[in-house]
Amino acid sequence: MYRNTSLTTKLFKIKLKKDDKVIVLAGKYKGKTGKIVTTQPKDNTVTVEGINIIKKHIKANTKYPQGTILEITKPMHVGKVAIIDPETKKATRIGFTLKDGAKTRVYKSSSKEIK
């Protein structure tokens, strides 16, 4: 029996949010920092500003009569990035605490609230 995996859409739980400052842990851009532009829970990826840039060649059309080369920021796997603790300037994980009945995100290393 064959299973059509395109029909089953699993949403991953991404603890990172838009505008979080992150550091890249692995790959070509290891050690670089940037701000998250978008998150894609279906693909378990995030797009980081200025990281994972590719060049796309565009054939001549009405918008680009000469044709052009565009620089596009592509998404990267969420496991390759980690949030930066502003006090220590190092990568840390994200935890959750209940404060006055509200769930808040905290840095695991310092237990301070993420703003």
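Tell me, which strands (runs of 3 or more DSSP E) lie completely within the range 1-101 with 1 or more residues that are within 13 Å of the chain's Cα centre (by Cα)?
The qualifying strands (runs of 3 or more DSSP E) are 21-24, 33-40, 45-48, 68-73, 81-85.
Restricting attention to the range 88-99, does a residue exist that is loosely packed, with under 11 Cβ neighbours inside 10 Å, more than 19 Å from ASP19 (Cα to Cα) and at pLDDT below 95?
yes
The values are calculated or read from the model by the stated rules, or taken from the named source; none is laboratory data. Just so it is clear, the model here is predicted, and its values are computed rather than measured. Cβ: placed from backbone, ideal geometry, glycine included. Neighbour counts: every protein chain shown.
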